[in-house]
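Before any comments, here is the structure.
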Amino acid sequence: MVNRYLPGEEILSKIQIIALVVAGLMAAVIFQLIRKKKLKEQYSLLWFLTVAVILLLAVWEPLLGRVSSALGIAVPSNALFLLALLFLFGMALHFSLLVSRLTDQTKMLAQKLALLDRDLRKEREARGRGESGGSSDGAG
């Protein structure tokens, strides 16, 4: 049986339905991760932006064609792959910067802890010498 649609009638394609389901699942997972305090709100914004872009491309099909023609790419799916690759590059760069900053902070905290530990040991040694010296002076 051949499906025939009226000219004004729009129906979602299978790929659009899949994209909508994936976007919905992604949003649900992000909300769960935030609720369980496993994902900070500042990072969730980027993921919600990703969901919004997926929804936009799924609902407004000609948008990807316009984006691909604006970029000079003949096949819209190739434009989608390019955008996904740029997004992943941006995420990798962002997290590399974050890891670098956290590494520096960890190093600084370890150094401060070592200095505090050294000061604490010196103070304990000084107390130990003072108490043993004080008791021998008082007894003799």
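Values in this text are rule-based calculations from the coordinates and carry no lab data. All values reported here derive from a predicted model rather than from experimental measurement. Here the Cβ is made from the backbone with ideal geometry for all residues, glycine too, and neighbour counts use every protein chain on show.
Here are the numbers:
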quantity: For the stretch 16-68: rounded, prolate or oblate by the Cα gyration tensor [a/c cutoff 1.5]; calculated: oblate
quantity: Charge sum, other residues only, whose C-beta stays under 14 Å from Ser44's C-beta, Lys/Arg counted +1 and Asp/Glu -1; calculated: +4
quantity: Three-way shape label, the stretch 39-106, alpha-carbon gyration tensor, a/c 1.5; calculated: oblate
quantity: Cα-projected label distance for Met26 with Leu109, points at 7 Å along beta-carbon direction, nm; calculated: 3.2
quantity: For the chain, convex hull volume per residue from C-alpha positions, Å³; calculated: 168
quantity: Long-range lysine pairs (8 or more apart or interchain), the stretch 1-124, Cα under 25 Å; calculated: 4
quantity: Contact order normalised by residue count of the chain, Cα under 8 Å, 6+ apart, percent; calculated: 14
quantity: The chain, helix-only ellipticity at 222 nm - DSSP H runs n ≥ 4, -39,500 (n - 2.57), divided by all residues, nearest 500; calculated: -29500 deg cm²/dmol
